[in-house]
Amino acid sequence: MLDIAEEKVALKQADPEIFRLIEEEEVYQKESIRLIPSENYVSQAVLEASGSVLTNKYSEGYPGKRYYEGQRFIDELETLVQDRAKALFGVEHANVQPYSGSPANLEAYYALLEPGDKIMGMSLPDGGHLTHGWQVNFSARFYSAVQYGVDPVTHLIDYDKVRELAKKERPKIVVAGATAYPRQFDFAALSEIAREVDAYFLADVSHIAGLIVAGAHPDPAPHADVITTTTHKTLRGPRGAMILCREEHAKAIDRAVFPALQGGPHNHTTAAIGVALREAATDEFRAYGHQIVTNAKALAGELLERGFSLVAGGTDNHLILIDLTNKEVFGKKCAKALDRAGIVCNYNTIPNDPRKPFSPSGIRIGTPAITSRGMAEPEMRQIAEWMDQVVSAPEDEAVTDRVRAEVAELCASFPVPGLPNA
Ligand code: DSN
């Protein structure tokens with residue numbers, strides 16, 4: 001296999017500064033345990049499509065109806081990727097052009113709502129996303145927003161309470177989806193609530209798309225009017241997004257993406273999404289999706305044994321939210337100490353967090369990236385042990401240095417997909 005320097009000869013000569021930063025990031029990605037639940041490692045094939053000449057082409061419009069000439073290969077490419085998305089997710093229509101998750105949600109709202117209409121989504125501190133109606137986001141400024149949360153004791157969504165709120169507030173759209181909810185969504189229940197108040201039902205499955213296609217999480221397709229998803233989390237594709245919907249919404253969705261809110265699609269990303277969708281349709285990927293959950297459950301169990309307090313008591317998806325209030329260290333300090341030890345995670349709010357989002361009480365971890373490296377239950381035990389050691393002594397450099405060396409040694413046995421590992 002080529003080493004990093006041989007692979008990027010032109011870049012090294014043309015721009016040694018950028019080359020160096022990429023090279024250092026590659027080493028960092030290889031030598032650390034990446035526990036950020038929204039990150040992953042793409043395959044070499046996805047990287048190659050992503051870095052292809054398709055970045056040179058403008059293609060405003062859709063296959064068969066473009067505003068630029070020279071689309072003979074791009075039309076075929078985008079149609080192929082749309083078809084793969086429809087088949088994999090079992091939906092009638094797929095728009096594969098959204099630049100990322102936030103634009104995709106904006107586009108879905110634009111297609112279905114009028115300015116000022118009411119959005120009902122999960123609140124950010126309880127695990128939702130900014131674009132689901134959080135106060136500082138466009139979704140609460142251009143629309144009006146009401147938020148549901150989790151039960152303060154169980155940390156689970158209380159669907160009766162969501163129904164009560166929906167009946168009182170009469171939103172025009174109910175949004176399911178989260179960035180820090182470690183349990184499964186009951187899409188059937190949320191869609192029923194939406195129907196009861198004549199609202200649309202949007203499932204933002206960005207975090208769990210890979211689990212859904214692997215059969216490791218319930219499927220929203222039978223229930224949702226529209227599904228939005230990023231493509232770079234558990235789905236293990238490039239940074240991008242898709243909007244999937246019923247045929248009745250297809251025209252409105254397509255118009256919202258282009259010309260309303262975007263210009264030309266990023267064809268290199270479209271191609272890389274297509275490669276990822278093909279990979280995600282394999283038995284190997286199904287096994288991968290189930291192993292993500294198996295690993296998350298194993299890691300949660302090991303953490304519980306070491307006295308960590310977990311929001312919602314554990315996990316049944318890819319992520320774990322740790323409440324550090326019973327430890328001597330809060331989220332940010334803990335995340336920084338873990339990073340020094342080669343274990344990368346997010347500091348994160350927990351439900352009803354008494355602390356501020358920039359220095360919250362918790363950390364958020366997840367297993368998609370480490371599962372892509374082939375790590376399994378024995379490694380989860382080791383990771384929990386290292387986390388315990390660092391969290392118990394976050395300022396002890398001897399501990400963080402030792403753990404970092406041990407982490408690098410373990411990582412050397414688990415090659416990173418897509419990176420030279422010679
Ligand atoms: N940034 C994503 C995450 O980390 O969950 C959500 O947008």
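The values are calculated or read from the model by the stated rules, or taken from the named source; none is laboratory data. Predicted, not measured: the structure shown is a model, and the values here were computed from it. Positions of Cβ are backbone-derived with ideal geometry, glycine not excepted, and every protein chain shown enters the neighbour counts. The accessibility values were calculated without ligands, DNA or RNA, using every heavy atom of the protein model including side chains. Shrake-Rupley method; radii C 1.70, N 1.55, O 1.52, S 1.80 Å.
So what is the diffusion coefficient of region 249-298 in µm² per second by Stokes-Einstein at 4 °C and 1.567 mPa s, using a Kirkwood Rh over Cα pairs?
95 µm²/s
If you stretched the chain out fully between Arg255 and Phe73, how much longer would it get, using 0.36 nm times the residue separation minus the C-alpha to C-alpha distance?
Between Arg255 and Phe73, full extension yields 63.3 nm more.
Whole-Hz ³J(HN,Hα) for each residue in region 82-91, computed from phi via Karplus 6.51 cos²θ - 1.76 cosθ + 1.60 with θ = phi - 60°, x for glycine and proline: what do you get?
Along region 82-91, the couplings run 4, 4, 5, 5, 4, 5, 5, 9, x, 10 Hz.
Using θ = phi - 60° and the Karplus curve 6.51 cos²θ - 1.76 cosθ + 1.60, what whole-Hz ³J(HN,Hα) does each residue of region 292-309 get, with Gly and Pro shown as x?
Along region 292-309, the couplings run 4, 5, 4, 5, 5, 5, 5, 5, 4, x, 5, 5, 4, 4, 9, x, 6, 9 Hz.
Reachable lysines from Lys356, Cα under 19 Å, same-chain residues fewer than 8 places away excluded?
Answer for Lys356, where 19 Å is the Cα cut-off: Lys327, Lys332, Lys333, Lys336, listed by chain and number.
Would you mind checking region 124-164 for residues with the amide N under 11 Å from a putative spin-label position 7 Å along Cα→C-beta of Glu196?
Only 159-164 fall inside the zone, counting backbone N under 11 Å.
What is the extension gain from Ala405 to Gln13, computed as 0.36 nm multiplied by their sequence separation minus the C-alpha to C-alpha distance, in nm to one decimal?
137.9 nm
So what's the back-of-envelope 222 nm ellipticity for the chain, counting only DSSP H runs of four-plus at -39500 (n - 2.57) apiece and dividing by all residues, rounded to 500?
-13000 deg cm²/dmol
Take the alpha carbon atoms of region 236-268, find their center, do the same for region 57-80, and report the distance between the two centers in whole angstrom.
Cα centroid of region 236-268 versus Cα centroid of region 57-80: 14 Å apart.
What's the carbon and sulfur percent of region 175-268's accessible surface, probe 1.4 angstrom, rounded to a whole number?
45 percent
Go ahead and set up a Gaussian network model of the chain, Cα springs under 10 Å, then flag whichever of Val213, Val153, Val175 fluctuates most.
Val153
Over the Cα atoms of region 21-178, how large are the radius of gyration and the largest Cα-Cα distance (Dmax), in Å?
According to the Cα coordinates of region 21-178, Rg and Dmax are 20.1, 59 Å.
Could you compute how fast region 138-242 diffuses translationally, taking Rh as the Kirkwood radius over C-alpha pairs and applying Stokes-Einstein at 20 °C with viscosity 1.002 mPa s? Give it in µm² per second.
It comes out at roughly 148 µm²/s.
Taking the Cα centre of the chain as origin and charging only Cβ (+1 Lys, Arg; -1 Asp, Glu), how large is the dipole, in debye to the nearest 20?
800 debye
Enter the accessible area per residue of the chain (Å², integer; probe 1.4 Å; all protein chains in place).
Using a 1.4 Å probe on heavy atoms only, each residue of the chain averages 43 Å².
Send over the Kirkwood Rh of the chain, from the inverse of the averaged 1/r over different Cα pairs, rounded to one decimal Å.
22.3 Å
Please list the three semi-axes, largest first and in whole Å, of the ellipsoid equivalent to region 135-182, using sqrt of 5 times the eigenvalues of its alpha carbon gyration tensor.
Here the semi-axes work out to 20, 15, 9 Å.
Report Rg(Cα)/(2.2 N^0.38 Å) for region 330-375, keeping two decimals.
1.27
Straight distance only, please: which lysines reach the Cα of Lys57 with their own Cα at less than 21 Å, same-chain residues fewer than 8 apart left out?
Lys65
Within 10 Å, count the other beta carbons around each residue, average over each peptide in 128-134, 183-189, 361-367, 90-96, and list them highest first.
Per-residue mean Cβ counts within 10 Å order the peptides as 361-367, 128-134, 90-96, 183-189.
Residue separation times 0.36 nm, minus the C-alpha to C-alpha distance between Glu114 and Ile22: what's the value?
Full extension from Glu114 to Ile22 adds 28.8 nm.
Using only Cα atoms, what is the ratio of the radius of gyration of region 354-422 to 2.2 N^0.38 Å?
Against the empirical 2.2 N^0.38 Å value, I get 1.32 for region 354-422.
Rounded to a whole number, what % of the accessible area of region 120-172 do carbon and sulfur atoms account for, probe 1.4 Å?
Reported share for carbon and sulfur atoms: 56 percent.
If amide H atoms are built 1.01 Å from N in the plane of the peptide, which residues on other chains or at least 5 residues away come under 5 Å of the amide H of Leu235?
Long-range HN contacts for Leu235: Ala209, Gly210.
Need one number: the % of Cα-Cα pairs in region 177-314 sitting beyond the 21 Å mark.
Of all Cα-Cα pairs in region 177-314, 52 percent lie more than 21 Å apart.
For region 101-197, what D do you get in µm² per second when you plug the Kirkwood radius from alpha-carbon pairs into Stokes-Einstein at 4 °C and 1.567 mPa s?
D, rounded to a whole number, is 97 µm²/s.
So what is the relative contact order for the chain, in percent, with contacts set as C-alpha pairs under 8 Å and at least six apart?
Normalised by residue count, the contact order of the chain is 23 percent.
Can you tell me how region 207-259 classifies by the Cα gyration tensor, rounded, prolate or oblate, using a/c under 1.5 as the rounded cut?
oblate
What is the local net charge at Ser32, summed over the other residues whose Cβ is closer than 13 Å to its Cβ (Lys, Arg +1; Asp, Glu -1)?
-3
What's the carbon and sulfur percent of region 292-422's accessible surface, probe 1.4 angstrom, rounded to a whole number?
50 percent
Taking θ as phi - 60°, what are the ³J(HN,Hα) couplings along region 223-235 by the Karplus curve (6.51, -1.76, 1.60), each to the nearest whole Hz, with x for Gly and Pro?
Result, ordered by residue: 10, 8, 5, 9, 10, 10, 7, 6, 10, 10, 9, 5, 6 Hz.
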